[in-house]
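Notes follow once the structure below has been shown.
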Amino acid sequence: MAIVVRPVTRSEFDQYEEVAMLTFGGEKPEGESRLHKTLALDRTYAAFDGSELVGTSGAYSHTLSIPGGQIPMAGFTFVSVRPSHRRLGVLRAMVNSHEEDMASRNEAVSGLWSSESSIYGRFGYGVAVDSYHLEADASHLDFLSSLALDKIRFIDKERAYEILSPVYAAAAHSRPGMVSRSENWWQNRTLHDGPPRRGSGSSLRIAVARRQEKVVGYVMFRQQSRNDRGLLDGEITIAELVGVDPEAEQSLWHFVCRLDLFPQVRYWNAPLDCPLPWIIHDRRRVRRLRNDCLWLRLRDVPTALAARTYAGAGSLRITLQNEPGGDILGRHTLEVANGKARCTTFAGEGEVAISQQDLASLYLGTFKPSELAAVRRLSASPTTVAKADALFAWPQAPWCAEIF
(Lines give C-alpha, C1' and ligand atoms only; values in the text may rest on other atoms or scores of the structure.)
Protein backbone atom coordinates (compact mmCIF):
# COMPACT_ATOMS: atom_id res chain seq x y z
CA MET A 1 0.00 0.00 0.00
CA ALA A 2 1.42 3.39 -1.04
CA ILE A 3 0.01 6.25 1.01
CA VAL A 4 0.01 9.62 -0.76
CA VAL A 5 -0.47 12.80 1.27
CA ARG A 6 -1.65 15.97 -0.45
CA PRO A 7 -4.01 18.93 0.09
CA VAL A 8 -7.68 18.30 -0.65
CA THR A 9 -9.58 20.16 -3.34
CA ARG A 10 -12.77 22.08 -2.68
CA SER A 11 -14.82 19.23 -4.13
CA GLU A 12 -13.13 16.76 -1.73
CA PHE A 13 -13.68 18.84 1.41
CA ASP A 14 -17.00 17.21 2.38
CA GLN A 15 -15.38 13.78 2.17
CA TYR A 16 -12.44 15.10 4.21
CA GLU A 17 -14.80 16.15 7.00
CA GLU A 18 -16.79 12.91 6.83
CA VAL A 19 -13.66 10.78 7.33
CA ALA A 20 -12.75 12.76 10.41
CA MET A 21 -16.27 12.49 11.81
CA LEU A 22 -16.18 8.72 11.30
CA THR A 23 -13.04 8.59 13.42
CA PHE A 24 -14.31 10.90 16.17
CA GLY A 25 -17.84 9.49 16.25
CA GLY A 26 -19.66 12.64 15.19
CA GLU A 27 -21.68 13.84 12.24
CA LYS A 28 -20.71 16.34 9.60
CA PRO A 29 -22.71 19.55 10.19
CA GLU A 30 -25.35 20.34 7.63
CA GLY A 31 -24.94 23.33 5.39
CA GLU A 32 -21.82 25.32 4.61
CA SER A 33 -18.75 24.14 6.49
CA ARG A 34 -17.31 26.52 9.07
CA LEU A 35 -14.14 24.44 9.03
CA HIS A 36 -13.69 25.38 5.39
CA LYS A 37 -13.98 29.05 6.35
CA THR A 38 -11.07 28.83 8.78
CA LEU A 39 -8.81 26.08 7.40
CA ALA A 40 -7.04 26.94 4.13
CA LEU A 41 -7.10 24.19 1.53
CA ASP A 42 -3.34 24.46 0.97
CA ARG A 43 -2.81 23.70 4.67
CA THR A 44 -4.70 20.40 4.58
CA TYR A 45 -2.72 17.16 4.59
CA ALA A 46 -5.02 14.36 3.51
CA ALA A 47 -3.83 10.77 3.14
CA PHE A 48 -5.02 8.70 0.19
CA ASP A 49 -4.82 4.96 -0.39
CA GLY A 50 -5.29 5.00 -4.13
CA SER A 51 -8.45 7.07 -4.60
CA GLU A 52 -9.72 6.43 -1.06
CA LEU A 53 -9.28 9.23 1.49
CA VAL A 54 -8.03 7.45 4.62
CA GLY A 55 -6.57 10.18 6.84
CA THR A 56 -7.10 13.85 7.58
CA SER A 57 -4.99 16.60 9.10
CA GLY A 58 -4.32 20.28 8.58
CA ALA A 59 -2.73 23.35 10.08
CA TYR A 60 -3.81 26.82 11.09
CA SER A 61 -1.36 29.69 10.65
CA HIS A 62 -1.27 30.97 14.23
CA THR A 63 0.92 33.34 16.19
CA LEU A 64 1.82 31.92 19.60
CA SER A 65 2.53 34.09 22.63
CA ILE A 66 5.76 33.02 24.31
CA PRO A 67 7.60 34.51 27.32
CA GLY A 68 8.39 38.08 26.34
CA GLY A 69 7.22 37.85 22.72
CA GLN A 70 5.45 35.95 19.98
CA ILE A 71 6.40 33.42 17.33
CA PRO A 72 4.64 31.96 14.26
CA MET A 73 3.11 28.57 15.05
CA ALA A 74 1.49 25.95 12.86
CA GLY A 75 -1.61 24.73 14.68
CA PHE A 76 -1.79 21.04 13.75
CA THR A 77 -5.44 20.06 13.72
CA PHE A 78 -8.26 17.79 12.53
CA VAL A 79 -6.03 14.71 12.71
CA SER A 80 -7.76 11.40 12.06
CA VAL A 81 -7.10 8.03 10.45
CA ARG A 82 -9.89 5.92 8.99
CA PRO A 83 -10.35 2.93 11.36
CA SER A 84 -9.67 0.50 8.53
CA HIS A 85 -6.18 2.00 8.05
CA ARG A 86 -4.84 2.23 11.58
CA ARG A 87 -1.25 1.10 12.31
CA LEU A 88 -0.25 1.40 8.66
CA GLY A 89 1.89 4.53 8.84
CA VAL A 90 -0.84 6.96 7.77
CA LEU A 91 -0.36 9.31 10.72
CA ARG A 92 3.40 9.40 10.32
CA ALA A 93 3.03 10.24 6.63
CA MET A 94 0.74 13.18 7.49
CA VAL A 95 3.08 14.40 10.24
CA ASN A 96 5.97 14.30 7.77
CA SER A 97 3.95 16.40 5.30
CA HIS A 98 3.14 18.84 8.08
CA GLU A 99 6.85 19.13 8.90
CA GLU A 100 7.75 19.78 5.26
CA ASP A 101 5.04 22.43 5.00
CA MET A 102 6.28 24.14 8.20
CA ALA A 103 9.82 24.22 6.86
CA SER A 104 8.65 25.84 3.61
CA ARG A 105 6.90 28.57 5.66
CA ASN A 106 9.76 29.07 8.15
CA GLU A 107 7.57 28.09 11.11
CA ALA A 108 9.76 26.99 14.00
CA VAL A 109 6.97 25.69 16.26
CA SER A 110 4.02 23.35 15.84
CA GLY A 111 1.20 23.12 18.37
CA LEU A 112 -1.79 20.86 18.88
CA TRP A 113 -4.45 19.64 21.30
CA SER A 114 -4.10 15.89 21.62
CA SER A 115 -7.14 13.62 21.67
CA GLU A 116 -4.95 10.96 23.32
CA SER A 117 -1.89 11.82 25.38
CA SER A 118 0.04 8.74 24.22
CA ILE A 119 0.12 9.63 20.51
CA TYR A 120 2.37 12.59 19.82
CA GLY A 121 5.38 12.16 22.08
CA ARG A 122 7.02 9.89 19.53
CA PHE A 123 6.84 12.75 17.01
CA GLY A 124 8.64 15.16 19.36
CA TYR A 125 5.60 16.90 20.88
CA GLY A 126 5.57 17.62 24.59
CA VAL A 127 2.79 18.97 26.76
CA ALA A 128 3.51 22.68 27.23
CA VAL A 129 0.34 24.02 28.87
CA ASP A 130 -2.00 22.57 31.49
CA SER A 131 -5.37 23.93 32.58
CA TYR A 132 -8.09 23.18 35.12
CA HIS A 133 -11.53 21.73 34.62
CA LEU A 134 -13.17 23.76 37.36
CA GLU A 135 -16.47 23.23 39.18
CA ALA A 136 -18.02 25.20 42.04
CA ASP A 137 -21.32 25.33 43.89
CA ALA A 138 -21.53 29.10 44.05
CA SER A 139 -24.31 29.07 46.62
CA HIS A 140 -21.60 28.22 49.18
CA LEU A 141 -18.97 30.73 48.02
CA ASP A 142 -18.21 33.54 50.43
CA PHE A 143 -16.12 36.18 48.67
CA LEU A 144 -13.53 38.34 50.41
CA SER A 145 -14.92 41.75 51.28
CA SER A 146 -11.69 43.45 50.21
CA LEU A 147 -12.26 42.88 46.47
CA ALA A 148 -12.28 45.95 44.23
CA LEU A 149 -14.86 45.10 41.59
CA ASP A 150 -15.25 46.49 38.09
CA LYS A 151 -18.70 47.24 36.69
CA ILE A 152 -20.28 44.40 34.70
CA ARG A 153 -22.58 44.96 31.71
CA PHE A 154 -24.10 42.60 29.14
CA ILE A 155 -23.46 43.25 25.44
CA ASP A 156 -25.13 42.02 22.26
CA LYS A 157 -23.40 39.38 20.19
CA GLU A 158 -23.47 41.72 17.19
CA ARG A 159 -20.97 44.00 18.97
CA ALA A 160 -18.87 41.22 20.45
CA TYR A 161 -16.01 41.13 17.95
CA GLU A 162 -15.50 44.88 18.08
CA ILE A 163 -15.49 44.98 21.89
CA LEU A 164 -13.87 41.67 22.85
CA SER A 165 -11.06 41.31 20.32
CA PRO A 166 -8.90 44.16 21.73
CA VAL A 167 -9.26 42.68 25.24
CA TYR A 168 -8.23 39.24 24.03
CA ALA A 169 -5.28 40.69 22.08
CA ALA A 170 -4.06 42.58 25.14
CA ALA A 171 -4.30 39.49 27.34
CA ALA A 172 -2.67 37.28 24.70
CA HIS A 173 0.23 39.68 24.32
CA SER A 174 1.40 39.06 27.87
CA ARG A 175 0.34 35.48 28.59
CA PRO A 176 2.38 32.62 27.07
CA GLY A 177 0.40 29.89 25.33
CA MET A 178 -2.34 32.04 23.83
CA VAL A 179 -2.79 32.13 20.06
CA SER A 180 -3.73 34.97 17.73
CA ARG A 181 -7.28 35.37 16.41
CA SER A 182 -8.28 36.96 13.13
CA GLU A 183 -11.73 38.47 12.57
CA ASN A 184 -12.58 35.36 10.54
CA TRP A 185 -11.61 33.18 13.52
CA TRP A 186 -13.70 35.24 15.91
CA GLN A 187 -16.79 35.08 13.73
CA ASN A 188 -16.57 31.44 12.67
CA ARG A 189 -15.00 29.85 15.74
CA THR A 190 -15.06 31.90 18.94
CA LEU A 191 -18.51 33.47 18.53
CA HIS A 192 -20.13 30.68 16.52
CA ASP A 193 -23.27 29.73 18.40
CA GLY A 194 -25.03 27.00 16.44
CA PRO A 195 -27.09 24.25 18.13
CA PRO A 196 -24.26 21.65 18.18
CA ARG A 197 -22.15 23.98 20.32
CA ARG A 198 -25.01 24.84 22.65
CA GLY A 199 -25.84 21.28 23.61
CA SER A 200 -28.67 21.54 26.11
CA GLY A 201 -27.64 25.02 27.22
CA SER A 202 -28.76 28.48 26.18
CA SER A 203 -27.35 30.67 23.46
CA LEU A 204 -24.09 32.41 24.27
CA ARG A 205 -24.34 35.18 26.88
CA ILE A 206 -21.62 37.84 26.88
CA ALA A 207 -20.78 40.22 29.73
CA VAL A 208 -17.91 42.68 29.97
CA ALA A 209 -16.03 44.26 32.88
CA ARG A 210 -15.68 48.05 32.65
CA ARG A 211 -13.28 50.27 34.54
CA GLN A 212 -13.62 54.01 34.00
CA GLU A 213 -15.61 53.29 30.82
CA LYS A 214 -12.86 51.04 29.43
CA VAL A 215 -13.55 47.35 28.81
CA VAL A 216 -10.95 45.35 30.73
CA GLY A 217 -12.38 41.82 30.54
CA TYR A 218 -15.21 39.61 29.39
CA VAL A 219 -16.95 36.33 30.10
CA MET A 220 -18.92 34.23 27.63
CA PHE A 221 -21.19 31.58 29.09
CA ARG A 222 -24.32 29.47 28.65
CA GLN A 223 -27.15 28.88 31.10
CA GLN A 224 -29.09 25.70 31.72
CA SER A 225 -32.14 25.86 33.97
CA ARG A 226 -32.69 23.04 36.44
CA ASN A 227 -35.35 22.49 39.11
CA ASP A 228 -34.62 19.97 41.85
CA ARG A 229 -37.96 19.33 43.59
CA GLY A 230 -38.80 23.00 43.74
CA LEU A 231 -35.24 24.20 44.36
CA LEU A 232 -33.76 26.09 41.42
CA ASP A 233 -30.29 24.68 40.80
CA GLY A 234 -29.32 25.98 37.36
CA GLU A 235 -25.91 25.69 35.75
CA ILE A 236 -23.52 28.18 34.21
CA THR A 237 -21.01 26.79 31.72
CA ILE A 238 -18.23 29.25 30.97
CA ALA A 239 -16.99 29.23 27.39
CA GLU A 240 -14.25 31.78 27.99
CA LEU A 241 -13.22 34.26 30.70
CA VAL A 242 -10.47 36.75 29.85
CA GLY A 243 -9.18 39.81 31.70
CA VAL A 244 -6.36 42.20 30.98
CA ASP A 245 -5.28 41.99 34.63
CA PRO A 246 -6.09 40.00 37.81
CA GLU A 247 -8.61 42.60 39.01
CA ALA A 248 -10.70 42.20 35.86
CA GLU A 249 -10.66 38.40 36.20
CA GLN A 250 -11.71 38.64 39.85
CA SER A 251 -14.61 40.91 38.93
CA LEU A 252 -15.84 38.49 36.28
CA TRP A 253 -15.62 35.50 38.62
CA HIS A 254 -17.53 37.38 41.30
CA PHE A 255 -20.22 38.24 38.75
CA VAL A 256 -20.63 34.78 37.24
CA CYS A 257 -20.77 33.15 40.68
CA ARG A 258 -23.49 35.54 41.83
CA LEU A 259 -26.10 34.93 39.14
CA ASP A 260 -29.40 34.15 40.84
CA LEU A 261 -30.96 30.73 40.08
CA PHE A 262 -27.70 29.37 38.62
CA PRO A 263 -25.40 28.28 41.46
CA GLN A 264 -23.58 25.49 39.62
CA VAL A 265 -20.59 26.97 37.78
CA ARG A 266 -18.31 25.03 35.44
CA TYR A 267 -15.35 26.05 33.32
CA TRP A 268 -13.70 23.39 31.19
CA ASN A 269 -10.47 25.34 30.59
CA ALA A 270 -9.52 27.62 33.48
CA PRO A 271 -5.87 28.77 33.67
CA LEU A 272 -3.66 27.38 36.41
CA ASP A 273 -3.50 30.80 38.07
CA CYS A 274 -7.29 31.20 38.11
CA PRO A 275 -7.99 33.62 40.99
CA LEU A 276 -11.26 32.09 42.22
CA PRO A 277 -9.80 29.87 45.00
CA TRP A 278 -7.88 32.87 46.37
CA ILE A 279 -10.79 35.34 46.55
CA ILE A 280 -13.14 33.20 48.64
CA HIS A 281 -12.95 32.11 52.28
CA ASP A 282 -13.28 28.34 51.69
CA ARG A 283 -11.12 27.25 48.75
CA ARG A 284 -12.31 23.63 49.00
CA ARG A 285 -15.60 24.80 47.52
CA VAL A 286 -13.76 25.06 44.19
CA ARG A 287 -12.95 21.66 42.69
CA ARG A 288 -10.22 21.50 40.07
CA LEU A 289 -9.04 18.69 37.82
CA ARG A 290 -5.76 19.39 36.05
CA ASN A 291 -5.51 18.39 32.37
CA ASP A 292 -3.00 18.82 29.58
CA CYS A 293 -4.09 21.06 26.74
CA LEU A 294 -1.54 22.64 24.38
CA TRP A 295 1.29 20.43 23.12
CA LEU A 296 4.28 21.85 21.26
CA ARG A 297 7.03 20.61 18.99
CA LEU A 298 10.13 22.74 18.42
CA ARG A 299 10.92 22.00 14.79
CA ASP A 300 13.67 24.62 14.61
CA VAL A 301 15.20 24.55 18.09
CA PRO A 302 17.70 27.45 17.70
CA THR A 303 15.05 29.80 16.31
CA ALA A 304 12.47 28.82 18.93
CA LEU A 305 14.86 29.15 21.88
CA ALA A 306 16.23 32.49 20.69
CA ALA A 307 12.74 33.93 20.24
CA ARG A 308 11.65 33.86 23.89
CA THR A 309 12.78 35.97 26.83
CA TYR A 310 14.53 34.41 29.84
CA ALA A 311 15.06 35.35 33.46
CA GLY A 312 18.49 36.76 34.19
CA ALA A 313 21.63 35.73 32.36
CA GLY A 314 23.69 32.60 31.78
CA SER A 315 24.41 29.86 29.27
CA LEU A 316 23.50 26.21 28.79
CA ARG A 317 24.99 23.61 26.46
CA ILE A 318 22.04 21.40 25.55
CA THR A 319 22.33 17.94 24.02
CA LEU A 320 19.03 17.23 22.28
CA GLN A 321 17.89 13.61 22.06
CA ASN A 322 15.08 11.88 20.20
CA GLU A 323 13.89 10.40 23.51
CA PRO A 324 15.23 10.39 27.09
CA GLY A 325 18.67 8.75 26.88
CA GLY A 326 18.23 8.19 23.13
CA ASP A 327 20.02 9.19 19.93
CA ILE A 328 21.42 12.70 19.65
CA LEU A 329 19.49 15.07 17.34
CA GLY A 330 21.67 18.12 17.88
CA ARG A 331 23.81 20.18 20.27
CA HIS A 332 22.77 23.75 21.03
CA THR A 333 24.34 26.46 23.18
CA LEU A 334 21.78 28.82 24.71
CA GLU A 335 23.40 32.13 25.74
CA VAL A 336 21.27 34.65 27.66
CA ALA A 337 22.17 38.25 28.51
CA ASN A 338 19.63 40.69 29.98
CA GLY A 339 16.89 38.20 29.23
CA LYS A 340 17.63 38.02 25.49
CA ALA A 341 19.07 34.87 23.96
CA ARG A 342 20.99 33.56 21.04
CA CYS A 343 21.33 29.89 20.20
CA THR A 344 24.21 28.28 18.33
CA THR A 345 25.54 24.79 17.77
CA PHE A 346 28.55 23.32 19.53
CA ALA A 347 30.70 20.20 19.43
CA GLY A 348 31.58 18.13 22.45
CA GLU A 349 29.93 17.39 25.74
CA GLY A 350 26.79 19.18 26.86
CA GLU A 351 25.70 20.26 30.33
CA VAL A 352 22.08 19.21 29.86
CA ALA A 353 20.75 16.14 28.05
CA ILE A 354 17.05 16.32 27.22
CA SER A 355 14.65 14.95 24.61
CA GLN A 356 12.99 17.10 21.97
CA GLN A 357 9.63 16.31 23.56
CA ASP A 358 10.71 17.42 27.04
CA LEU A 359 12.43 20.59 25.83
CA ALA A 360 9.06 21.60 24.35
CA SER A 361 7.51 21.07 27.79
CA LEU A 362 9.93 23.62 29.26
CA TYR A 363 9.50 26.17 26.49
CA LEU A 364 6.65 28.29 27.88
CA GLY A 365 7.51 27.96 31.57
CA THR A 366 4.68 25.69 32.75
CA PHE A 367 7.12 23.03 33.91
CA LYS A 368 10.54 23.36 35.52
CA PRO A 369 13.77 21.59 34.52
CA SER A 370 14.08 20.33 38.11
CA GLU A 371 10.73 18.52 37.76
CA LEU A 372 12.06 16.62 34.76
CA ALA A 373 15.43 16.01 36.38
CA ALA A 374 13.72 14.46 39.41
CA VAL A 375 12.19 11.74 37.20
CA ARG A 376 15.34 11.38 35.04
CA ARG A 377 13.85 12.91 31.92
CA LEU A 378 16.58 15.56 32.05
CA SER A 379 20.20 14.79 32.85
CA ALA A 380 22.37 17.50 34.42
CA SER A 381 24.29 18.32 37.58
CA PRO A 382 22.33 19.89 40.47
CA THR A 383 24.07 23.21 39.83
CA THR A 384 23.11 23.15 36.16
CA VAL A 385 19.52 22.17 36.96
CA ALA A 386 19.24 25.15 39.32
CA LYS A 387 20.64 27.42 36.60
CA ALA A 388 18.14 26.04 34.07
CA ASP A 389 15.27 26.53 36.53
CA ALA A 390 16.19 30.19 36.91
CA LEU A 391 16.55 30.80 33.17
CA PHE A 392 13.31 29.14 32.01
CA ALA A 393 11.09 30.50 34.81
CA TRP A 394 8.30 32.91 33.89
CA PRO A 395 6.04 34.81 36.29
CA GLN A 396 2.71 34.35 34.52
CA ALA A 397 1.17 30.91 34.09
CA PRO A 398 0.88 29.87 30.43
CA TRP A 399 -2.66 29.27 29.19
CA CYS A 400 -4.25 28.41 25.85
CA ALA A 401 -7.75 29.90 25.71
CA GLU A 402 -9.32 27.45 23.29
CA ILE A 403 -9.02 24.15 21.55
CA PHE A 404 -8.16 24.17 17.87
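The values are calculated or read from the model by the stated rules, or taken from the named source; none is laboratory data. Every value quoted in this text rests on a predicted model; they were computed, and no experiment measured them. All Cβ positions, glycine included, derive from the backbone under ideal geometry; neighbour counts span all protein chains shown. With ligands, DNA and RNA removed, areas are computed over all heavy atoms of the protein, side chains included. Shrake-Rupley method; radii C 1.70, N 1.55, O 1.52, S 1.80 Å.
Brief remarks on what is shown
- Within the shell of other residues whose beta carbon sits under 14 angstrom from the beta carbon of I3, the net charge comes to +3, with Lys and Arg scored +1 and Asp and Glu -1.
- Remark: segment 85-162 carries a charge dipole of roughly 360 debye about the Cα centre, counting +1 on each Lys and Arg Cβ and -1 on each Asp and Glu Cβ.
- More than 26 Å apart - percent of Cα-Cα pairs taken over segment 101-238: 44 percent
- The distance from the alpha carbon centre of segment 1-58 to that of segment 213-273 is 36 Å, rounded to a whole number.
- Positive-end ranking of A172, L149, S182 along the dipole of segment 143-214, with charges on Cβ about the Cα centre, is headed by L149.
- Lysine pairs within the chain, Cα separation less than 18 Å, 8 or more sequence positions apart or different chains: 4
- Globularity index of segment 50-168, i.e. its alpha-carbon radius of gyration over 2.2 N^0.38 Å: 1.54
- Taking the protein heavy atoms of segment 1-116 in the context of the full set of protein chains, the accessible area attributed to carbon and sulfur is 46 percent at 1.4 Å.
- Cut-off 19 Å, label 7 Å out along Cα→Cβ of R86, residues of segment 107-121 by amide N: 114-121
- Size descriptors for segment 94-135: radius of gyration and Dmax over Cα atoms are 13.0, 44 Å.
- Heavy-atom surface analysis with a 1.4 Å probe gives segment 140-206 a carbon and sulfur content of 49 percent of its accessible area.
- Segment 359-369 - phi-based ³J(HN,Hα) in whole Hz, Karplus 6.51/-1.76/1.60, Gly and Pro as x: 5, 4, 5, 7, 4, 8, x, 5, 10, 9, x
- Residue with peak Gaussian network fluctuation, the chain [Cα springs, cutoff 10 Å], from L164, L296, L112: L164
- Environment charge of V385, counting only residues whose C-beta is closer than 15 Å and scoring Lys/Arg +1, Asp/Glu -1: +1
- Here the convex hull built on the C-alpha positions of segment 176-291 has a volume of 144 cubic angstrom per residue.
- Positive end of the dipole of segment 106-224 (Cβ unit charges, origin at the Cα centre): among N106, I163, S117, the Cα lying farthest that way belongs to I163.
- The share of alpha-carbon pairs in segment 1-104 lying farther apart than 22 Å comes to 31%.
- Long-range Cα-Cα pairs in segment 322-404 (distance over 22 Å), rounded percent: 27 percent
- Shape box of segment 33-93 [Cα atoms, principal axes, largest first, Å]: 45, 26, 16
- For the chain, the longest piece that avoids every one of the GluC sites (Glu not before Pro) found in DSSP loops with at most 16 other C-beta atoms within 10 Å covers 214-348.
- Per residue accessible area in Å² of the chain, where ligands, DNA and RNA are left out and the probe is 1.4 Å: 46 Å²
- For L53, net neighbour charge (Lys/Arg +1, Asp/Glu -1) across residues whose Cβ lies under 12 Å away: -4
- Kirkwood-based Rg to Rh ratio, the chain, C-alpha trace: 0.99
- Euclidean distance of C-alpha centroids, segment 125-160 and segment 306-338, integer Å: 37 Å
- Listed residues S165, S61, S174, most fluctuating in the chain (Gaussian network, C-alpha, under 10 Å): S165
- Share antiparallel - DSSP beta bridges, the chain, percent rounded to 5: 90 percent
- Simple point charges give the picture: +1 on the Cβ of Lys and Arg, -1 on the Cβ of Asp and Glu, and for segment 122-270 a dipole about the Cα centre of about 380 debye.
- Top positive-direction residue, dipole computed over segment 1-126 with Cβ charges, set A93, A47, L35: A93
- Size of charge dipole - the chain - debye, nearest 20, with Cβ of Lys, Arg +1 and Asp, Glu -1, no other charges: 440 debye
- Taking the C-alpha atoms of segment 357-396, convex hull volume expressed per residue in Å³: 56 Å³
- For segment 308-388, the relative contact order comes to 29 percent (Cα pairs under 8 Å, sequence separation of at least 6).
- When the alpha carbon gyration tensor of segment 138-187 is reduced to an equivalent ellipsoid, its three semi-axes come out at 28, 17, 11 angstrom, largest first.
- Q396-E213 pseudo-label distance in nm [points 7 Å out on the Cα-to-Cβ vector]: 2.7 nm
- Translational diffusion coefficient (Stokes-Einstein; Kirkwood radius from C-alpha pairs) of segment 245-294 at 25 °C, 0.890 mPa s, in µm²/s: 203 µm²/s
- Using just its DSSP H runs of length 4 or more, each adding -39500 (n - 2.57), the chain gives a mean residue ellipticity at 222 nm of -6500 deg cm²/dmol after division by all residues.
- Normalised contact order of segment 1-153, rounded percent, pairs of Cα under 8 Å and 6 or more residues apart: 20 percent
- Length-normalised contact order of the chain in % [C-alpha pairs under 8 Å, at least 6 apart]: 19 percent
- Hydrodynamic radius (Kirkwood) for segment 213-254, which is based on Cα pairs only, to one decimal in Å: 11.8 Å
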